[in-house]
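Just below is one structure, and these are the notes that go with it.
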Amino acid sequence: MLVKATFCPAYLSSLKLVLKMRTYSFLSAIFIVLLFSACNEDKCDCNGQIVGRWEVDDFMSLESVAYPKDDNYSPLIEFKSDGSYDVELDVNICGGEYALALNDSISISGVGCTEICCDSEFSKKFRTMLPQVSTYKVDGGELRLTVEGWGWINLNWISK
């Protein structure tokens, strides 16, 4: 036995309107998710905020006093868009690779350096602390590399 259902035209119009609204709500939700995903991807993109040349300004830790900075020279680091970096110490040059991830985390590989002569204690400490950096924060022309349980390294932007 087959039962034929009949619906009121007003009910059908209301049903169509609800379905349309659900479709628009669903599409709006997808758009918002994609928009925020794109923002997060830009934040973690190696071509984003961190790429460029940075001058090491100072350390902020309990042992900062033990590593005085030479007023005539500041170590430089250049983060490149291909995930590599170069460091210029007082005398030696170094390099390695880095990777950015969500929540401003950064992984910096061990620093391979030439050993021509003697760098300052400040430069040696910078080289030693680089692989221990866990997070970064860019604020305008300043970069802060944080070493958990130790402190942070402040850098100033020089150029792209």
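The values are calculated or read from the model by the stated rules, or taken from the named source; none is laboratory data. This one's a predicted model, so the numbers in the text were calculated from it and none came from an experiment. Note that we place each Cβ from the backbone using ideal geometry, even for glycine, and neighbour counts take in every protein chain shown.
Quick look at the values:
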quantity: Residue that is surrounded by the most Cβ atoms within 10 Å (Cβ to Cβ), among those in the stretch 109-155 that are closer than 10 Å to F59 by Cα and charged (D, E, K, R); calculated: K125
quantity: Extreme residue, farthest from K137 (Cα to Cα), among residues of the stretch 76-86 that are acidic (D, E) and outside any loop (DSSP other than H, G, I, E, B); calculated: D86
quantity: Boolean, G151 is small (G, A, S), in contact with a Gly (Cβ under 9 Å, 6 or more places away or on another chain) and over 16 Å from Q49 (Cβ atoms); calculated: no
quantity: The stretch 61-71, subset surrounded by 14 or more Cβ atoms within 10 Å (Cβ to Cβ) and either over 21 Å from Y136 (Cβ atoms) or in contact with a Gly (Cβ under 9 Å, 6 or more places away or on another chain) (or both), residue modelled with the lowest pLDDT; calculated: S64
quantity: Residues located in the stretch 87-115, provided they are assigned to a strand (DSSP E or B), charged (D, E, K, R) and more than 19 Å from V147 (Cα to Cα); calculated: E88
quantity: Residue in the stretch 132-141 that is within 15 Å of E55 (Cβ to Cβ) and more than 18 Å from the chain's Cα centre (by Cα) present; calculated: no
quantity: Residue within the stretch 53-61 that is part of a loop (DSSP other than H, G, I, E, B) and in contact with a strand residue (DSSP E or B) (Cβ under 9 Å, 6 or more places away or on another chain) present; calculated: no
quantity: Selection within the stretch 130-160 - part of a helix (DSSP H, G or I) and closer than 16 Å to F79 by Cβ; calculated: L130, P131
